[in-house]
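Structure record follows, encoded as structure tokens.
Taken together, the values in this text are just the output of simple stated rules run on the coordinates, not laboratory data. Computed from a predicted structure; not experimentally measured. Cβ coordinates were reconstructed from backbone atoms using ideal geometry, including for glycine residues, and neighbour counts include every protein chain displayed.
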């Protein structure tokens, strides 16, 4: 868990605003849910490893009820929907903190931010395509380079792994979790972990062959030629083809059979935004048609995605997309010389009422100390108020970036700020 200095907090808020604009452009509205959930709400939704090692669970000394910090924003959404039953289709977004008792390292924290967007109530590939179009729009407009959107479908995996390879029961989810670690442990690591599950060398070899299949629409043709007799495989292939017909930039999509997404609740299309240069995912999600039904007792189709804010910022800073140059929201500093504090105070009030973000020194420090602080905060525009100038109804306007310095009438101060600053 971290503290955020102003420059990082400001960057994060700028990114949040850009994400919200994209979500709103696609017709999504915000919701909010508590950080704390009852443990029984989260229990049984994520799988053994997450629930036994990663979820923050606790009891209060004066309560027998068990609680947990939310692990993601999807299960709380399902609980929210079951409670309030909003009109369908329900399109929401939410940017908030989530918690995992993970091993802290670069890009992985125990408290971090996610930006989620979901569509509830649509069973058609149009909803899946809209999720992917949002993802592609976000990363394109933020300026990311070299990303691909990896696609797969849990029904395709079900048809091949369960029905063609004969895997059944809990072993299937264990296999998925092993494959999900491919990018961390490598191919040999996956082979070793699959053998630890008791699978034969022949089955392990077939799994390794399958997860090596990736590419464009030709992959779908190849899979169809080999497993087309399987109903689940056929449904998944048709669904992916429909999605690829609807996405704005199909060239950014790669069908990848090694993508499995380790969470238990996925039922159909799954995706990840992958940066090969950094060997990491910045976004992931998919279809989870059965999750809401756990809370409501009936099936409600749903699909969505999640963007990890911490890796997004880390990679964006490394790529030079983002910078930490902005260390304050302050636009104008009112500086005073001599006994004119009250007049400077009045000017700062007028500027704030006009909508500008204004700093004025509250400690009545001398001119040099005021200027030193302003330089450290990198405040660009200065209004210098001096006794002699005030007698003539004037102040000095200064642009620290261009070094422009002009004496202006007080009544024209608003005009010059309008020319320089966009509120």
* To do: Compute the relative contact order of region 6-319 as a whole-number percentage, counting only Cα pairs closer than 8 Å that sit 6 or more residues apart in sequence.
  => 23
* Asked: Angle between the Cα long axis of helix 125-142 and the longest principal axis of the chain, 0 to 90 degrees, nearest 10?
  -> 40
* Asked: For the Cα atoms of the chain, what angle does the longest principal axis make with the long axis of helix 341-353, in degrees from 0 to 90, nearest 10?
  -> 40
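Please tell me the relative contact order of region 211-274 in percent, rounded to the nearest whole number, where contacts are Cα pairs under 8 Å and at least six residues apart.
Values: 41 pairs, mean separation 30.5, N = 64.
RCO, region 211-274: 48 percent.
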* Asked: Rounded to the nearest 500, what is the chain's calculated 222 nm mean residue ellipticity when only DSSP H runs of at least 4 contribute -39500 (n - 2.57) each, over all residues?
  -> -12500 deg cm²/dmol
* Taking the Cα centre of each part, how many Å lie between region 179-199 and region 81-97? -> 37
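Rounded, prolate or oblate: which one fits region 266-341, using the alpha carbon gyration tensor with axes a ≥ b ≥ c (rounded when a/c is under 1.5, else prolate when a/b beats b/c, else oblate)?
Values: a/c = 7.26, a/b = 2.13, b/c = 3.40.
The shape class here is oblate.
If each residue's Cβ is checked for other Cβ atoms within 10 Å, how do 402, 326 rank with the fewest at the top?
402, 326
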* Asked: What is the extension gain from residue 352 to residue 109, computed as 0.36 nm multiplied by their sequence separation minus the C-alpha to C-alpha distance, in nm to one decimal?
  -> 83.7 nm
* Computed from these coordinates, which is Rg/Rh (Cα atoms, Kirkwood Rh): (1) 1.10; (2) 1.00; (3) 1.22? -> (1)
* Between 0 and 90°, nearest 10: helix 367-377 axis offset from the chain longest Cα axis -> 20
* Asked: In a GNM of the chain with a 10 Å cut-off on Cα contacts, which of 208, 95, 55 has the highest mean-square fluctuation?
  -> 208
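Evaluate the relative contact order of region 363-410 (contact order divided by residue number), counting alpha-carbon pairs under 8 angstrom at least 6 apart; express in whole percent.
Working: 47 pairs, mean separation 13.3, N = 48.
Taking the mean separation of contacting Cα pairs over the length of region 363-410, I get 28 percent.
Going by C-beta contacts inside 10 Å, put 12, 364 in order with the fewest on the left.
Numbers: 12 18, 364 10.
The most exposed by this proxy come first: 364, 12.
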* Asked: How would you classify region 55-198 from its alpha-carbon gyration tensor, with a ≥ b ≥ c the square roots of the eigenvalues: rounded for a/c under 1.5, else prolate if a/b is greater than b/c, otherwise oblate?
  -> rounded
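When 224, 66 are ordered from fewest to most other Cβ atoms inside 10 Å of their Cβ, what list results? Mind dumping the intermediate values first?
Numbers: 224 16, 66 13.
Final ranking by Cβ density, sparse to dense: 66, 224.
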* Using a/c under 1.5 as the rounded threshold, could you call region 64-130 rounded, prolate or oblate? The axes a ≥ b ≥ c are square roots of the C-alpha gyration tensor eigenvalues, and prolate needs a/b larger than b/c, oblate otherwise. => oblate
